[in-house]
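See structure below.
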Amino acid sequence: MPSNIRLKKIADRIKEELSEMLIKEIQDPRLSGVNVTDVRVDRELAYADVFVSAVEGGQRSKEILAGLQHAANFLRSALATRIDLRVFPRLRFRWDPTPERADHIEQLLASLRDAPSAAQTEDDEDSDE
């Protein structure tokens, strides 16, 4: 079994190559604007879980995952020619909600930052009366 460092290097290389392929080589319109956020390879190198997101968020998640699943065999064989492994793991695509959650948290923090200034403005108006 490969070490954790080796698994991380393999996952990083899959992420890098797959990201490049999605930008330059894949012509499927369902896969436009897709970002590979993370790749995790299991210890037996049987599966690689590929986490993806898109600018539009979760509205297109089903369409994007269907497109990736449709292209999974092509992507796997193309990656196998670029990354030298004895057996290349099967690709499993997962939706990554992290960017959407981060955006939501950012909006909440922005509203909290604006709230004290609005409360300060109300206090200033009350003291003027």
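For residue 93, the residues 5 or more places off, or on other chains, whose built amide H falls under 5 Å of its own are 50. The accessible surface of the chain, taken with every protein chain in place and a 1.4 Å probe, is 51 percent carbon and sulfur. Taking the three principal axes of the alpha carbon atoms in the chain, the coordinate ranges are 79, 36, 21 Å, sorted in descending order.
Listed highest first by mean packing, meaning other Cβ atoms within 10 Å per residue, what order do 89-100, 21-32 come in?
The most tightly packed comes first, giving 89-100, 21-32.
Taking every alpha-carbon pair under 8 Å whose residues sit at least 6 apart, the chain reaches a relative contact order of 24 percent. Taking amide H as placed 1.01 Å from N in the peptide plane, residue 83 has no amide H partner under 5 Å among residues 5 or more places away or on another chain.
For residue 37, the residues 5 or more places off, or on other chains, whose built amide H falls under 5 Å of its own are 51, 52, 53. Computed from phi, the 3J(HN,Hα) profile of segment 48-65 under the Karplus parametrisation 6.51, -1.76, 1.60 (θ = phi - 60°) reads 10, 8, 9, 9, 10, 8, 9, 4, 5, x, x, 4, 9, 4, 5, 5, 5, 4 Hz, with x in place of Gly and Pro.
Accessible surface for the chain, divided over its residues, is 67 Å² per residue with a 1.4 Å probe. Comparing 78, 19, 57 along the charge dipole axis of segment 1-96, the residue lying farthest to the positive side is 78, per the Cβ-charge model. Sequence-ordered 3J(HN,Hα) estimates for segment 13-23 from the Karplus curve with 6.51, -1.76 and 1.60 and θ = phi - 60° stand at 5, 4, 4, 4, 5, 5, 4, 5, 4, 5, 7 Hz, glycine and proline given as x.
Would you compute, from DSSP H runs of 4+ residues alone, the mean residue ellipticity of the chain at 222 nm, taking -39500 (n - 2.57) per run and dividing by the full residue count, rounded to the nearest 500?
Rounded to the nearest 500, the figure is -19000 deg cm²/dmol.
Note that segment 86-95 has calculated 3J(HN,Hα) couplings of 5, 10, 8, x, 6, 8, 10, 9, 10, 7 Hz, one per residue in order, obtained from phi through the Karplus relation 6.51 cos²θ - 1.76 cosθ + 1.60 (θ = phi - 60°); glycine and proline are x.
The values are calculated or read from the model by the stated rules, or taken from the named source; none is laboratory data. Since this is a predicted model, take the numbers as computed values, not measurements. Don't worry about glycine lacking a Cβ; one is built from the backbone with ideal geometry, like all the others, and counts go over all protein chains shown. For the accessible areas, the whole protein counts, side chains as well, though only heavy atoms, and no ligand, DNA or RNA atoms are used. Shrake-Rupley method; radii C 1.70, N 1.55, O 1.52, S 1.80 Å.
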